[in-house]
1. Would you mind ranking V221, V337 by Cβ crowding within 10 Å, fewest neighbours first?
2. Starting from a Cα-only point model with no solvent, please compute log10 I(q)/I(0) by Debye for region 233-316 at q = 0.11, 0.12, 0.15, 0.25 1/Å.
3. With the dipole of region 26-87 worked out from charges on the C-beta (+1 for Lys and Arg, -1 for Asp and Glu) around the Cα centre, which of H27, L54, G67 lies farthest toward the positive end?
4. For region 335-434, build the charge dipole from Cβ charges (+1 Lys, Arg; -1 Asp, Glu) around the Cα centre, then report which of P336, T404, P351 sits farthest towards its positive end.
Amino acid sequence: MTGTAIVIGAGIGGLATAKALRDKGWHVEILERSTHSTALGSGLSIAPNAVHALRRLGLDSAFFGKGRRLDGLEARLHSGTRVMRVDSAALTTKYGEGLYAVERAELHRLLLESIEDVPLHLGRRVIGVATDGPRAAATADRRGQQGGQGDHMNELPHASAALSQDSISAIRDDAHAPLHDNSHSGTASDNRHVTPTSGGTRAVVTVDHPDGPYALRADLVVVADGVHSRLRQALFPDHPGARYAGYAAWRGIVAASAAAPLAVRPVLAETWGSGMRVGVMPLRDGRVYWYAFDTAPESDLPAPDPEALAARCASWPDPIPALLAATAPASTLVRPVHYLAHGLPSFVRGPIALVGDAAHAVTPDVGQGACLALEDAVVLAAAVTDYGVPNGLRAYDTQRRPRTERIAQTSGRMGRALQGSTPAAARLRDIAARLTPDALNARFANSLYDWTPPTAGVTAGWQAEPEARQPH
Ligand SMILES: Cc1cc2nc3c(=O)[nH]c(=O)nc-3n(C[C@H](O)[C@H](O)[C@H](O)COP(=O)(O)OP(=O)(O)OC[C@H]3O[C@@H](n4cnc5c(N)ncnc54)[C@H](O)[C@@H]3O)c2cc1C
């Protein structure tokens, strides 16, 4: 089946899901609270599992034009001793794809450009999402009357959603440019901008607006509003939400001219100190992306001053000190790292599904957050198209929760162990890393990378109830 879908959030998870649904014939619209692109100054490692997802999205060729294929992945101790190495060639033999580095903004732009026909409404902050029962729908249609099921719909001062496409071309012209959308007319009488095409339970989202919130309905709502998802909190009020991982992430990109003399090797190389890990990987155009995970209280994060970090890392192996020193402060970010320490009881509530960090924010220790969001997108679109919304979302939940939860837990544990927050913990980590057999590293890589998109529907390990199954 196909129908109408609203995607909330235009990050990698939201855009990829919009693309996957659009490709299956769904009418999709995206609501994004931000009025400008925030994909600033950072890179992503894209692993074989995500390359398979990109291929399913029809974006692999475009991605290969943006990403840089890396020779591998390695970890070194502060002394420079290498303790782990995974070769891209071995990954390709085993998983059919290698490891890539890409600038986050490039991947974001690639996804945006692939769905130019999908309306993207910027400056639209969603403040509520609910299953739309008949009583709530009636209340909303009576525009602002009280009563009904107690959701936001009951208090809408008006119901309008006439949105123009101006802002969409703006973001597509330049993902870094500030975006404006003055298109909210406040006059349309039909609040069903996204008109459902099928029967059964629909979802309703409430969008904030200076003139008062308004409502939109669709057959399917995809919540892709990131690690600090307010909508997750509304759907699962007992869930404790995101937790601070205990370290901040510095991120920076060094200009190609400054990086050239450093001859950075084409690997993702992470070096471990005490309370600090620094990773380096070159991008396609000669620029170099680096990150540093820096143990710090959340209330006292370091200022984004690469010179200060370079001074702290002066004795680290090459090319780290020189790279940090060559980074412009304007292309340096410091952000606390948050993740979901506890899995959600479900990724689904009625016709509403969570994807990406909203569903399963993992720490960056295994470089899988965006990769898993891409996986979510292709599984979700296949499932709801093959089985219809309720059964398809059950299949999506069954397929995605065990894998993402396992990876989230592994990543969190690795982060705590690898961060070596005290010198004693760092010494123990180094000894353990030296003793870890290659076979164990291979098993670990397998748990991340051994994934391909569903081929015939999404049936592996799950069957729709026969009477409810929709025709293909
Ligand atoms: C330091 C660091 C390094 C990382 N490195 C890697 C890596 O190498 N490889 C990898 O695969 N992953 C990596 N990740 C993880 C990856 O960045 C995330 O998992 C991924 O970006 C999540 O995408 P998302 O679309 O789910 O969420 P987001 O990118 O957070 O997007 C959410 C979107 O929703 C919007 N939004 C929020 N609330 C609302 C609302 N109420 N209404 C409308 N819109 C809303 C936001 O403005 C935003 O645009 C890293 C993460 C960190 C922190």
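1. Details: V221 31, V337 21.
With the fewest neighbours first, V221, V337 line up as V337, V221.
2. -0.41, -0.47, -0.66, -1.28
3. G67
4. Result: P336.
Every read-out reported here was derived from the displayed coordinates using simple, explicitly stated rules and does not represent laboratory data. Treat the numbers as computed from the prediction; the structure is a model and nothing was measured. All Cβ positions, even for glycine, are placed from backbone atoms using ideal geometry, and neighbour counts span all protein chains on display.
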